[in-house]
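Take a look at the structure below.
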Amino acid sequence: QWPSWGALAGSLLLTLMASNYLWLVTNRARRIGALAAERAREITERERAEMALRERESWFRALVQHSSDVVTVSGADGGIEWVSPSVERVLGHDPDLLQGASLLAFVHPADVAAAAEAMLTAVAGPGRHEPIALRVMHVAGSWRWLEVTTTNLLDDPVVRGLVHNARDITERRELEEELTRQAFSDSLTGLPNRALFQDRLRHALAAARRHEQEVAVIFLDLDGFKVINDSLGHHAGDALLVAVAARLLRTVRPSDTVARFGGDEFAVLAVGENGLTTAAVMAERLLQALAEPVSVEGRDVFIMASAGVALSDGVLAGPADLLRRADIALYRAKGAGKGRVTVFDGSMEAAVAGRLNLETDLRRALERNEFHLVYQPEVNVSAGTVAGVEALLRWQHPERGAVSPVEFVPLAEETGIIVSLGAWVLREACRQVAEWRRLGHVADGFTLSVNLSGRQLIQPDLVEVVSAVLAETEVPPAMLRLEITETVLMEDGPASTRTLERLKTLGVELAIDDFGTGYSSLAYLRRFPVDTVKVDRSFIAAVEDDPRVCAIVQTVTHLAHALGMRVTAEGIETQQQVRFVSEAGCDRGQGYYYYRPLPAGEVAVLLSAGRRQAA
């Protein structure tokens with residue numbers, strides 16, 4: 001039976017209402033679930049964010065605590081509000097005890113002004129500012145160098161302060177200071193070196209012009225230092241230089257600068273108002289201080305010095321002028337006999353300019369064939385015959401004329417030109433003797449004497465040069481006699497002995513020239529392989545008037561013969577001197593009484609006549 005349409009409609013309506021309710025309930029549940037899920041996600045994300053923040057804070061805290069840098073937060077007045085725990089590791093301070101203290105209280109007094117200025121600059125402008133280096137007190141009382149960078153975060157709502165990031169640069173600073181010390185100080189004495197002295201001189205000259213003061217430079221050079229160095233050894237020489245440096249420092253004023261320029265040369269810089277008188281007096285006082293004996297390795301050593309003084313005149317272009325003038329004055333002091341003070345004056349400038357021109361001409365003279373040799377005969381005192389000649393160098397300048405050896409030989413020695421010049425003299429003299437031998441003018445027993453300079457004696461190839469010349473000219477080694485001054489032997493010591501012994505192995509003779517001027521004894525000279533002693537002309541000139549000199553010459557001759565040496569008397573000019581040297585037992589004589597230095601041609605005639613007379 002079919003239901004009625006009303007019942008069917010009611011049933012359908014109920015079904016729809018139930019379905020709608022079910023949809024509403026389901027949809028609401030779905031929305032509630034979505035909201036719950038969303039809330040759960042928000043809670044999870046917040047927890048994650050909070051956890052990340054905590055982790056980041058822990059990470060930052062670990063960095064700050066273990067950092068080698070010290071981070072400090074202060075107020076604008078420098079009061080410490082917070083400091084990182086690393087301050088205890090770097091400076092030894094407990095960070096809790098630093099709260100409220102002033103940053104400037106821990107800064108070195110010499111750096112407080114710079115630190116305060118940097119802080120004021122930081123307060124004036126936000127952001128990061130240039131770092132400064134300053135010393136900060138360690139809890140132990142020492143000072144550490146810190147490089148501090150300040151950042152202005154006063155306007156930051158979280159920080160509200162100045163953040164100071166400090167890094168310990170003590171080791172770097174000490175290394176820089178050590179490198180600077182090495183660059184500007186003498187490693188042996190600790191004194192300023194030439195570079196630092198020149199820098200101080202430049203500043204002193206600038207300040208002196210502003211304050212109308214005068215600047216003085218004193219150059220000092222030790223006299224005879226090489227003898228001490230060679231005889232006692234380089235260690236003793238270094239000890240002496242250290243003692244000299246200390247003595248100079250004790251003698252000058254605290255405001256003066258003492259420097260070592262190298263070797264045995266020192267310099268003093270003085271600034272004052274009294275000028276030349278004060279500088280000269282100071283130089284004399286320095287020489288007096290150095291004249292006192294110095295104890296070196298348990299023995300007293302006596303040392304003298306020469307000094308050159310130069311004073312600023314207000315118009316100098318720079319320190320180079322003053323240094324050059326002091327050097328010129330020192331050169332004059334040493335040339336005048338050493339152990340004295342010489343003050344620069346304008347006339348010395350012209351003399352140096354002339355010397356420079358002479359040096360230039362001297363360097364060109366050899367290649368221009370301006371040198372020639374003359375030969376002064378040596379006479380057998382007992383027989384009166386020519387037994388040999390001494391080769392003497394002469395310079396004929398195309399404009400100056402004849403230049404005295406007294407003028408150019410010391411210059412050649414000082415500049416080193418004497419080495420090449422001496423080799424030329426040796427070769428030319430041997431070539432001439434070879435020519436005389438070829439012509440039959442000389443026979444065995446004849447002696448050619450050639451002077452050997454101190455510069456030549458220290459040349460490592462000297463023996464090879466002499467050997468090569470003898471081989472080239474075919475002159476017998478026994479016919480060549482090399483003459484070395486007594487002073488050169490005393491200065492060069494052991495090195496000279498080795499060279500002379502090598503020369504002796506060639507078969508050449510060796511002679512001590514100007515004996516007596518160096519105040520050494522024959523016993524001392526016995527250390528050298530010497531064949532002949534040449535008594536200096538100053539002794540021969542005095543034998544007519546001074547009995548004591550006569551006794552000296554007689555004693556020297558007797559001792560020389562006892563040691564197996566021959567004796568030549570130099571500078572014989574009178575008949576009375578001839579008679580004396582003959583009675584004293586001298587083997588040979590040389591001087592104007594017999595012969596002046598002669599050109600090679602005249603010597604050839606003299607030798608030829610002698611050979612004919614002997615025949």
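Here Lys334 is the anchor, and the lysines within straight C-alpha reach of less than 20 Å, apart from those fewer than 8 places off in the same chain, are Lys226. The value of relative contact order for the chain, using C-alpha pairs under 8 Å at least six residues apart, is 8 percent. Each part reduced to its alpha carbon centroid, the stretch 349-417 and the stretch 548-567 end up 31 Å apart. Relative to the longest principal axis of the Cα atoms of the chain, the long axis of helix 547-562 makes an angle of roughly 80 degrees. Semi-axis lengths, largest first, of the ellipsoid equivalent to the stretch 184-326 are 29, 15, 12 Å, with √(5λ) applied to each eigenvalue of the Cα gyration tensor. Lys and Arg at +1, Asp and Glu at -1: add these up for the other residues within a Cβ distance under 9 Å of Ala259 and post the number. Once positives and negatives cancel, what remains is +2.
Just for the chain, what percent of DSSP beta bridges are antiparallel, to the closest 5? Antiparallel bridges: around 75 percent, rounded to the nearest 5.
In the chain, a dipole from Cβ-located charges (positive for Lys and Arg, negative for Asp and Glu) runs towards its positive end, and of Ala113, Ser608, Gln575 it is Ala113 whose Cα lies farthest in that direction.
What Kirkwood radius, in Å to one decimal, follows from the Cα pairs of the chain? Mean inverse Cα-Cα distance, inverted, gives 33.2 Å. For the stretch 248-392, the solvent-accessible area works out to 47 Å² per residue, with a probe of 1.4 Å and every protein chain left in place. Loop-located chymotrypsin sites (Phe, Trp or Tyr not before Pro) in the stretch 308-371 (DSSP state not H, G, I, E or B) with no more than 13 neighbouring Cβ atoms inside 10 Å do not occur. The residue list Thr487, Pro410, Val425 was ranked by how far each Cα lies along the charge dipole of the stretch 400-505 toward its positive end, using unit charges on Cβ atoms, and Val425 comes out on top. For the stretch 94-204, the C-alpha radius of gyration divided by 2.2 N^0.38 Å, with N the number of residues, is 1.41.
Under 25 Å of direct C-alpha separation, and excluding same-chain neighbours fewer than eight residues apart, Lys504 reaches these lysines: Lys534. The loop-placed GluC sites (Glu not before Pro) in the stretch 332-375, going by DSSP, that have at most 12 neighbouring Cβ atoms within 10 Å of their Cβ come out as Glu367. Estimated from helices alone, the mean residue ellipticity of the chain at 222 nm is -17000 deg cm²/dmol (sum of -39500 (n - 2.57) over DSSP H runs with n ≥ 4, per residue). Charge dipole (Cα centre; +1 on Lys/Arg Cβ, -1 on Asp/Glu Cβ; no other charges) of the chain amounts to roughly 1380 debye.
When a 1.4 Å probe is rolled over the protein heavy atoms, the share of accessible surface on the stretch 317-450 that falls to carbon and sulfur comes to 50 percent. The residue among Met17, Gly564, Val381 whose Cα reaches farthest toward the positive pole of the charge dipole of the chain, with charges on the beta-carbon of Lys, Arg, Asp and Glu, is Met17. For Lys338, the aspartates and glutamates whose Cα falls under 12 Å of its own Cα, not counting residues fewer than eight places away in the same chain, are Asp221, Asp223.
The values are calculated or read from the model by the stated rules, or taken from the named source; none is laboratory data. Since we're looking at a predicted model, the values are computed, not measured. No Cβ is skipped: glycine too gets one built from the backbone with ideal geometry, and neighbour counts run over all protein chains shown. With ligands, DNA and RNA removed, areas are computed over all heavy atoms of the protein, side chains included. Shrake-Rupley method; radii C 1.70, N 1.55, O 1.52, S 1.80 Å.
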